[in-house]
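Before any comments, here is the structure.
The values are calculated or read from the model by the stated rules, or taken from the named source; none is laboratory data. Please read these numbers as outputs of a predicted model, since none were measured by experiment. In this analysis, Cβ positions are derived from the backbone assuming ideal geometry, glycine residues included, and neighbour counts consider all displayed protein chains.
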């Protein structure tokens, strides 16, 4: 009997924005709620979150990861939000076994699921019934490193892993508005549209190396923490994948919620 071909999982980049999106009912969260049931059922989820920054690369490796409320100054109800997803030591070991050219270390319970993960997954998988791992971002390494690591991680797509980069294409907390519904800052729109055009052209070289060559780029990506998760999604993609723009909006004047997917 011919062996059944493994299904290749899609890869996502999700702009997560304000932690308040975890409990909000808006166009963005409703989009994620619709998207989750349309995706193939994953064996496990791996999130590359902009909020776990390390020296070296780590993966959560316990079956019971803690929930991290890595923010302050928000309403009490946000701190009451729960996402009781399990981890998977077995999945962490599987991930590590497929990586040959990069070193990934187990966190042994030192981290957990921060809001870069659970604020998004509460909408994609509200039942919290899929094991979740987080992968840290080694901030000592340049964008090329992260793209190349993601290329190796792409082997997990054939193993039933859904991998999500969670950050923001435009993210400048020194230049945004706390008010909702304010006009979009021109520089934020310019960079967001530049990213979209390069993404559609599959011009990954520009996205990896040319993000800070303009004034709008410098303002939009003042630090790499929220941009690098998108680089992972690029590296995880295959040439035959179709690009889908999942969501396009800029909140608070300059927080790009742009979200996209690559899938066969």
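Taking the range 107-133 as the search range and keeping residues that are more than 20 Å from residue 40 (Cα to Cα) and in contact with a helix residue (DSSP H, G or I) (Cβ under 6 Å, 6 or more places away or on another chain), which one is surrounded by the most Cβ atoms within 10 Å (Cβ to Cβ)? If you could, list the steps in order and put the result at the bottom.
So the first thing to find is which residues in the range 107-133 are more than 20 Å from residue 40 (Cα to Cα), and the list is 107-116, 119.
Imposing the further condition that a residue be in contact with a helix residue (DSSP H, G or I) (Cβ under 6 Å, 6 or more places away or on another chain) reduces the set to 115, 119.
Working: 115: 26, 119: 29.
Per the stated criteria, the residue is 119.
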Open item on the list: Of everything in the range 165-206, what is at pLDDT 95 or above, surrounded by 19 or more Cβ atoms within 10 Å (Cβ to Cβ) and farther than 19 Å from residue 27 by Cβ? Give them in sequence order.
Closed with: 165, 167, 171, 185, 187, 191, 194, 195, 199
Task: Among residues of the range 207-230, those that are part of a helix (DSSP H, G or I) and either modelled with pLDDT under 95 or farther than 22 Å from residue 54 by Cβ (or both), counted - done: 8
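Okay, residues lined up against (1) closer than 28 Å to residue 125 by Cβ; (2) touching a residue at least 40 places away in the same chain (Cβ under 8 Å):
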site: 182; (1), (2): no, yes
site: 189; (1), (2): no, yes
site: 212; (1), (2): no, no
site: 217; (1), (2): no, no
site: 232; (1), (2): yes, yes
site: 235; (1), (2): yes, yes
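Got a sec? Which helices (runs of 4 or more DSSP H) wholly within the range 93-206 have at least 2 residues that are closer than 30 Å to residue 61 by Cβ? Spell out how you get there, then give the answer.
Details: elements: 115-124, 143-153, 186-200.
Qualifying helices (runs of 4 or more DSSP H): 115-124, 143-153.
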- [ ] Could you give me the residue pairs with C-beta distances under 7 Å whose first residue belongs to the range 29-44 and is over 14 Å from residue 127 (Cβ atoms), whose second residue is outside any helix (DSSP H, G or I) and at pLDDT below 95 wherever it lies, and which are 6+ apart or on separate chains?
- [x] 40/7
